[in-house]
Each structure stands twice: as C-alpha cells, then as structure tokens.
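Contents: one structure, followed by commentary.
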Amino acid sequence: MDRNKMINKLRSDSKTYDFVIIGGGATGIGIALEASARGYSVALLEKSDFTKSTSSKATKLLHGGVRYLAQGDVGLVREAVVERGLMLKNAPHITKTQSFIIPTHGLYDEILYTVGLTFYDLLAGKLSLGRSKRISKSKTLKRISLINPDKISAGVVYYDGQFDDSRMAINVLQSAVELGALVANYCSVEDLTKDEKGKVTGVKVLDETDGSTFEIKGKQVVNATGVFADDVLRMDKPGADKTIAPSQGVHLMLDKSFLPGDDAITIPKTDDGRVLFLVPWHNRVIVGTTDTPLEKESLEPVALEEEIGFILSTASRYLTKQPKRSDVLSVFAGLRPLAAPKAKGNKTKEISRSHKIYTADSGLLTIVGGKWTTFRKMGEDLVDTAEKNQDWKHIATKTKHLKIHGYKENINHNDPLYFYGSDEEKVLKLSKENGWDKSLSDSMGVIQAQVVWAVRNEMALNIEDFLARRVRCQLLNAKESIEMAPEVAKIMAKELGKDDAWQAQQVKEYKEVTSNYIL
C-alpha cells in the first residue's frame, strides 16, 4: 500500500466513486472490502491512522457474545458465531481458536453454563469450534494452575476465536487495495458536498500531513466513523439527533506468569454486570473489560482509576497470584460505538451490539453499533442497502470465503513474526539483504526490518502507527515501547526523508501519548 500514489490519484482523479467511505476502523474497512470485492470503485478516508480509536483497543476476541445469549438475543449470537467461523477460515495467520474455562460455583452453575454453552456451539452449526463440556475441579485446577481453589466447584470449557485487531485491519485494507480500492490515513473529512436538491455528492478532505485540501465525488457517501458518527451526521444536518451512546472498555496487560497455561478464563458475573476475561495474547495476558457509559467520545480515551481498581480486584479474587498495579505492563481504553437506545436509562451493557444502518434524506448512509466479529457482515449489509437506495443491480457478496492478504495455514505462534503470514518471508528477506536484522525488543521479538516494512507496505507515517498498531508494543509493554521509540524514529526518518527535529518531536509525542498506558 503506497499512500503517496493513492493520495495523488484521489486528488487528480475527477471520477465519481461508487463509494466514498468516511472512517478507517473495523466498520469502514469491512465496507471497503465488500464493495471493492463486488467490483465497485471505492475511496476510504481515515482522519488519523487506521484503527487508531476503538478498533485497535478491542478484547481481541472473535466471539458470539455469551452474555447476549443470556439476554435472549439468539439472532445476534447466531450471526456472530457464523462470522467468527468465516474469519478463522479466511485469515488463519491472524486468528486462532481459543479455549475458555468458566470457573463454576456449585451444581446450578455447572448445569446452567454447560447447557447454555452447548446451545452456543449448536448455533455455529458446521462452523462450531469445538464442543463445550463440564470438567471436574481437579481438571480445572490442572489446566488453570493459578485459579483460587476455594472459589470453584468445577469448570466448563468452551471455544471462541481470537485475533489481532489492528493487524486484521491492515491485511483487510491490503486485500481491498488489491481489489482496486483507494485508501488513505491522515485524511479528515471537513464537510460534505451537496447538489441543488440537497443530496450528498461527495466530501471535502483535509490532508493532515501537509494541510492541503481537495474534494472527492461519490455516488454513495458512507459515515462509518464509529463513536464519531454524530459529528458527520451534524455536517449533513446541524442539530441531528444523537445516535451513539459511547461506553468505555478498559483492559490491563499482564505478564504470562499470571495465566501460564493455554486456556483463557471467563468470569461471567462481575459486580458491574459485565463478563471479565483473562486471555493469553502475544505471550502476555489481557484482563478486561469494564463497561462505563461516557458523555463524550475521544480519540485517545484514558482509563479511569475505578476501572483499573475494579479489574485488579476482580482478577485477584480468582487468582492465587494476585496482580498489583506495579504488575500492569500496559492499560488501554477503547470506546464501544453502541447504537443509542430510544428509551432513557438503559445501561450500556444492555444495549444490543447489533449494527444499525440509517439513510438520511440527503442519501448519506450511516452505520453504527456492531463489533469486530461481525465486521464482514456489516459491510455486506451496508453495500446491500446502498444498492437498494441507489437502484443498482444487486450483486451477491463475494467476501464470505475471500482469503485475506497474508493468508497462510499452519502458523507457528512461537515465531515472533507469525502475524505477517505469507509476507513473513519478504520481511525476513528485507532484514537479511539490508542488514536490518538487529533486534529492537527481545521480549517482543521486533526487528528493524519491520519498521521499514511498515513504512513501505503498511502506510505507517509515524512511530505511534508502528509501535501501537503495526506491531503491538504499546499495548504489550508501554514502558519498553518508549525505550524503543528513538531507534524506530531514526529508521522511519531515513525511510520518509525526515530530519533530526522530526525524530525528536516524534519521540516526545509518543512519550506523551504512551504515558496514559502506564500505571
């Protein structure tokens, strides 16, 4: 993916694109893939970096949502478990099946979860990942050696999917670009253009890298900006109703020693009513998530003290090795773009995660809600809606079995470069040919060639793009990622033709933003 080439094409091209998509998170990326796979011309614009906001701060799970089953939302769970299965098949290099154990408290729990999770398996049909079953207390303690034996009577094993969200985004974008889409990060949509009848005909764009502006014409403009959807709706119609009820989810990253086995833990009932997960990821453990309603959305949300305390105290009740603040390698907060309920007083954990599509009088399409697991289906539904609204001939979806860029089977998860999939050989070739094989972090297995690769092929424009999203160092160990920053800045400066002042500014900005990830 070459940003300069694509930006120049977007600037100079007077063509009218079939789709102009605002937003480069999971939702926009899914639409770009779906539309380009059907043969439509696509332009996607993201105001910061792809997945900078919510879509890089997920729990890293591909799941149906066990708690939605408890709420009786069978349709949503069925859709999600099918999509989960498709993602595992289409991108095996960045997804995997993950076993979970629910610690139970007495016979009622054991029956309830065994029956409920068996139904959960059945909903996936042929795409089921494995059969749920009750296991004895001794087997549970063997598999999760650090679980507090006083807290459990037995365990129930079930299976869900796991993935790397930002890596999935980059690979999906690469797939869309290979199908003809034009995508650009650091391009903010400042306004919508309209014809004399008030119909949206395109967007006014500001290139954040150089301050220049240009316009792009589109037959169908799509607002896929997640928690920022209302900002675009107000461009279309000042004073438009609020469609988003943002909710903050916080996660803590711990050392693998807190959960030494391969199983994840699900704690289905916590004090705030949310499910708490402890999940192995990139040789660390993610613990989360909270559910805190927020008044105002933000690009870089910060974890609240009570959220951090809640996660640590809940995890401590279940683990014999109790995590303290000093054990937290990184804390990260993400916002869920939940579709605002019509009734007042709904708790955000009770707001459905199903997606909603709104057609404005101007023809603007807005999609809100949803989650990473269903990103492909959200794209399919949005493009179907656009075809109806535009009176275009319906083209069937082409993404159900579309292999995502980097597709590679039989992945060795102990290989630190495994998530590049079929691109790994090219990264290694780059490292050998040019002497970029020096380690930037032994604990996270990052080498210099990855920085060069990210600049040349993955549209990384600054050190945060690289350290936070092209590799996941900011989330895996925030302090260590700050130590890596000067060397990353040096390599990037050489690739991008930047000077020493740029390097110093980059390191300063990265330290500032990453300080929010350190307790």
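The values are calculated or read from the model by the stated rules, or taken from the named source; none is laboratory data. These numbers come from a predicted model, not from an experiment. Backbone-built Cβ (ideal geometry, glycine too); neighbour counts: all protein chains shown.
If GLY75 satisfies every condition in (1) under 30 Å from ALA26 (Cβ atoms); (2) surrounded by fewer than 18 Cβ atoms within 10 Å (Cβ to Cβ); (3) modelled with pLDDT of 90 or more but one, which is the exception?
(3)
Go through region 278-299 and report how many residues are surrounded by 15 or more Cβ atoms within 10 Å (Cβ to Cβ) and closer than 22 Å to GLU480 by Cβ.
The total comes to 10.
Determine whether region 126-138 contains at least one residue that is closer than 26 Å to LEU254 by Cα and in the same structural domain as LEU278 (by TED's automatic domain parsing). Don't jump to the end; show me each part of the working.
Here is the first cut: in region 126-138, the ones closer than 26 Å to LEU254 by Cα are 137-138.
Remaining after also requiring in the same structural domain as LEU278 (by TED's automatic domain parsing): 137-138.
Among the residues of region 126-138, at least one is closer than 26 Å to LEU254 by Cα and in the same structural domain as LEU278 (by TED's automatic domain parsing), which makes the answer yes.
Every residue in region 280-293 that is closer than 28 Å to ILE411 by Cβ and in a loop (DSSP other than H, G, I, E, B), please.
The answer is HIS282, ASN283, THR289.
Look at ILE144 and say whether it is among the aliphatic types (A, V, I, L, M) and in contact with a Pro (Cβ under 6 Å, 6 or more places away or on another chain).
no
Restricting attention to region 300-309, does a residue exist that is within 14 Å of ILE147 (Cα to Cα) and either out of contact with any strand residue (DSSP E or B) (no Cβ under 8 Å at 6 or more places or on another chain) or assigned by TED's automatic domain parsing to the domain that holds THR114 (or both)?
Going residue by residue through region 300-309, those that are within 14 Å of ILE147 (Cα to Cα) are none.
Within region 300-309 (the criterion being within 14 Å of ILE147 (Cα to Cα) and either out of contact with any strand residue (DSSP E or B) (no Cβ under 8 Å at 6 or more places or on another chain) or assigned by TED's automatic domain parsing to the domain that holds THR114 (or both)), the answer is no, since none of the residues qualifies.
Which residues, taken from region 249-265, are assigned to a strand (DSSP E or B) and farther than 14 Å from THR59 by Cα?
Hit for region 249-265 is ASP255, nothing else.
For the list (1) out of contact with any Asp or Glu (no Cβ under 8 Å at 6 or more places or on another chain); (2) under 30 Å from VAL189 (Cβ atoms); (3) modelled with pLDDT under 90; (4) assigned to a loop (DSSP other than H, G, I, E, B), I need the number of the one condition that THR270 fails.
All conditions are met except number (2).
Scan region 454-477 residue by residue and report those that are outside any loop (DSSP other than H, G, I, E, B), of a type in the set (A, V, I, L, M, F, W, C) and surrounded by fewer than 24 Cβ atoms within 10 Å (Cβ to Cβ).
Taking region 454-477 first, the residues outside any loop (DSSP other than H, G, I, E, B) are 454-457, 463-470, 473-476.
With of a type in the set (A, V, I, L, M, F, W, C) added as a condition, the list becomes 454-455, 463, 466-468, 473, 475-476.
The answer is VAL455, LEU476.
When the residues of region 304-314 are narrowed to those that are surrounded by 18 or more Cβ atoms within 10 Å (Cβ to Cβ) and free of Cβ contacts under 8 Å to residues at least 60 places away in the same chain, which ends up farthest from ALA154 (Cα to Cα)? Before you say what the answer is, go through the steps one by one.
Residues of region 304-314 surrounded by 18 or more Cβ atoms within 10 Å (Cβ to Cβ): 307-308, 310-312, 314.
This time we only want the ones that are free of Cβ contacts under 8 Å to residues at least 60 places away in the same chain, so: 307, 310, 314.
Values: GLU307: 29, PHE310: 25, THR314: 19 Å.
The qualifying residue farthest from ALA154 (Cα to Cα) is GLU307.
Just to be sure, is GLY288 closer than 29 Å to ILE367 by Cα and more than 20 Å from the chain's Cα centre (by Cα)?
For GLY288, the condition - closer than 29 Å to ILE367 by Cα and more than 20 Å from the chain's Cα centre (by Cα) - is not met.
PHE277 fails exactly one of the following numbered conditions: (1) among the aromatic types (Phe, Trp, Tyr); (2) within 23 Å of ARG67 (Cα to Cα); (3) assigned to a helix (DSSP H, G or I). What is the number of that condition?
(3)
Return a yes/no flag: does region 320-332 have any residue that is surrounded by 19 or more Cβ atoms within 10 Å (Cβ to Cβ), at pLDDT below 90 and either assigned to a helix (DSSP H, G or I) or in contact with a strand residue (DSSP E or B) (Cβ under 8 Å, 6 or more places away or on another chain) (or both).
Looking through region 320-332, none of the residues is surrounded by 19 or more Cβ atoms within 10 Å (Cβ to Cβ), at pLDDT below 90 and either assigned to a helix (DSSP H, G or I) or in contact with a strand residue (DSSP E or B) (Cβ under 8 Å, 6 or more places away or on another chain) (or both).
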